[in-house]
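Data first, discussion second: the structure below is written as structure tokens.
Quick note: the coordinates plus some simple rules give every number you see, no bench work behind them. Note that the coordinates shown come from a computational prediction; the quantities given were computed from them, not determined experimentally. So basically every Cβ, Gly included, is an ideal-geometry build from the backbone, and we count neighbours across all protein chains shown.
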Amino acid sequence: MVGGAAVEDTQLLKGILEGCVLAIIEEGETYGYDILSKLEEYGFEDIIEGTLYPVLTRLNNKGLISSRIGISPLGPKRKYFSITEEGINWIKNFRESYKKITRQAHKILFE
């Protein structure tokens, strides 16, 4: 990529990945591999476990998600994630902020 565009892509993605992951968890209790699969379905093919799990840790540390260890029907135990009340409020505010910022940036970049 020209002029360090890969670095900027990474920084831009880091800024929105927490919101995207939280939105997936908001749909219902889930686990890491399922979150990765859903991100891939939406076109985030480059997200790996080494990127996802620090995001989950940050969300947990902020009190936006909770986790529990549960039995997996396919083998070893899994860590399941659920959104908290605080997380529901955070994602609502994130969506509004994201909408406003992207609308403003779109005007500058494309209009």
Which lysines have a Cα less than 30 Å from the Cα of Lys107, not counting those fewer than 8 places away in the same chain? Lys14, Lys38, Lys92, Lys99
Output needed: percent of Cα pairs per 10 Å distance bin for segment 2-110, bins running from 0 to the one holding the longest distance. 13, 41, 33, 11, 3, 0
Can you give the FRET efficiency to the nearest 0.05 for Phe44 and Ile108, using r as the Cβ-Cβ distance and R₀ = 22 Å? 0.35
Gaussian network model of the chain, Cα within-10 Å springs - most flexible of Phe44, Phe81, Phe94: Phe44
For Ile65, what residues show an amide H to amide H distance below 5 Å, using hydrogens built from the backbone and excluding near sequence neighbours? Asn60, Thr84
For segment 2-110, the dipole about the Cα centre with charges only on Cβ (Lys and Arg +1, Asp and Glu -1), to the nearest 20 debye, works out at 360 debye
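Once the other residues with Cβ under 12 Å from the Cβ of Tyr98 are scored (Lys, Arg +1; Asp, Glu -1), what is the net sum?
On the way: positive: Lys92, Arg95, Lys99, Lys100, Arg103; negative: Glu18, Glu96.
Once all neighbours under 12 Å are counted, the net charge is +3.
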